[in-house]
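What follows draws every value from the coordinates through simple rules; no lab data is involved. For clarity, every value in this text was computed on a predicted model and none was experimentally measured. As a convention, Cβ positions derive from the backbone with ideal geometry for all residues, glycine included, and neighbour counts pool all protein chains shown.
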Amino acid sequence: MTADASAAPPEKPREADRSADPAAPVPGLVLVSTPIGNLGDVSPRARAALAEADLVLCEDTARSARLLSALGLRARTLSLHEHNEDARIPAVLKRLEAGATVALISDAGTPLVSDPGFRLVRAAIAAGTAVRAVPGPNAAVTALVLSGLPPLPFLVLGFPPPRAAARRAAFAGLRAAERAGLAATLIWYEAPHRLAEMLGDLAQVFGDRPAAVARELTKTFEEVRRGSVTALAAWAEATPPRGEITVLLGPPAEEMAVAEAGLDAQLRAALAGQSVRDAAALVAAATGLPRKLVYARALALSGGG
Ligand code: SAM
């Protein structure tokens, strides 16, 4: 196993020594979220987890060395990325079995979310190793709460396929899922040079509807643009933005109205004292939403749908 030689402090005590010290690090795999741009977002627990780890697995050792040094930490690092994750697993499991504390970070944000680590976590769980997480920044959730789009349910889709045909096919699959009942705010990560094209495809496949583009979140040039997906596509075409970008698309119009009206809360209150039919009629009149839609939702909430 090769480690970043430039940052290789002496090995920390093994499990046997730790048992005598109640303040010693807990052995196991710990998934540590790191900032998506603002160093101030490193939590005290994240810092402590990195400080006490025997080994820090990271996508890019040079990039993580910068983070660790900015935090004033010296840690033994080892690369774990898309192309070597499978090969790394046996040796990492061996260290975990020997009682090591191994931290996993990605280049930014929460590991595993559009980042490596899932296969390692699955293997660690299967091996009976303790797996813990230090939660923290995530670009998708940060963009969601700033977007002004319905926050629940949401669906994080990672990066769309880079090629136009595959991307449109992926979007068409989601649109079909919407026709079958999916009603969620959809979230993608996207590269700046593909943004205009991607937004154009969204408009074409989903039709014009509310959307948002969140750029450089938590950084100096943070920007959240909200508007119709067509208007956002035109903006991205005219002034290609730079930096790190997350794209959000609101649910289809009917579901948007439902979310805005707080339909479920109103129905639950009405269902407490009356039949599904009466509750649906009352709430349909109060919200102006279609009776059929409100009745179907009331039925589902009452457990009959
Ligand atoms: N695991 C990360 C997380 O928890 O947010 C996401 C990893 S994914 C490989 C990286 C992508 O997330 C970027 O290409 C960009 O689309 C999005 N992203 C990361 N940081 C961002 C930021 N500060 N503002 C907006 N989007 C960001």
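Can you give the net charge of the other residues whose Cβ lies under 12 Å from the Cβ of VAL229, counting K and R as +1 and D and E as -1?
Taking every other residue near VAL229 into account, the sum is +1.
Quick check: net charge around TYR189, other residues with Cβ under 14 Å of its Cβ, Lys/Arg +1 and Asp/Glu -1?
-2
For helix 61-70, report the angle its Cα long axis makes with the longest principal axis of the Cα atoms of the chain; keep it between 0 and 90° and round to the nearest 10°.
It works out to around 90 degrees.
Taking the convex hull of the alpha carbon atoms in segment 86-130, what volume per residue do you get, in Å³?
Taking the convex hull of the Cα positions in segment 86-130, it is 77 Å³ per residue.
Over all directions, how big on average is the projection of the convex hull of the alpha-carbon atoms in segment 255-301, in square nanometres?
The directionally averaged projection comes out at 2.6 nm².
How much net charge surrounds ALA172 when only the other residues with a Cβ under 15 Å from the Cβ of ALA172 are counted, with Lys and Arg +1 and Asp and Glu -1?
So the environment of ALA172 carries a net charge of +3.
About the Cα centre, and with charges only on the beta carbon of Lys, Arg (+1) and Asp, Glu (-1), how big is the dipole of segment 255-301? Nearest 20 debye, please.
For this selection, approximately 180 debye.
For segment 44-50, take each phi angle, set θ = phi - 60°, evaluate the Karplus expression 6.51 cos²θ - 1.76 cosθ + 1.60, and give the result in whole Hz per residue in order, putting x for glycine and proline.
Along segment 44-50, the couplings run x, 5, 4, 4, 4, 5, 6 Hz.
Need one number: % antiparallel among DSSP beta bridges in segment 23-137, to the nearest 5.
Roughly 5 percent of the beta bridges in segment 23-137 run antiparallel, per DSSP.
Tell me the Kirkwood radius of segment 140-251: reciprocal of the mean inverse pair distance over distinct alpha-carbon atoms, in Å.
Averaging 1/r across every pair of different Cα atoms and inverting gives 13.7 Å.
Give the separation of the Cα centroids, segment 147-226 to segment 57-92, in Å.
30
Just want the ordering: VAL145, VAL276, from fewest to most Cβ atoms lying within 10 Å of their own Cβ.
VAL145, VAL276
Return the calculated 222 nm mean residue ellipticity for the chain, to the nearest 500 deg cm²/dmol, obtained by summing -39500 (n - 2.57) across DSSP H runs with n ≥ 4 and dividing by the residue count.
So the helix-based figure for the chain works out to -13000 deg cm²/dmol.
When you have a sec, figure out the Kirkwood radius of segment 23-137 from all distinct Cα pair distances and drop it here in Å to one decimal?
Here the Kirkwood hydrodynamic radius works out to 13.8 Å.
Restricting the count to DSSP beta bridges whose residues both fall in the chain, what percent are antiparallel, rounded to a multiple of 5?
Here the antiparallel bridges make up roughly 50 percent for the chain.
On C-alpha positions alone, give me the angle between the axis of helix 195-206 and the longest principal axis of the chain, in degrees, nearest 10.
40
Mean 1/r over all different Cα pairs, inverted: what Kirkwood radius does the chain give, in Å?
Value: 22.1 Å, from the Cα pair sum.
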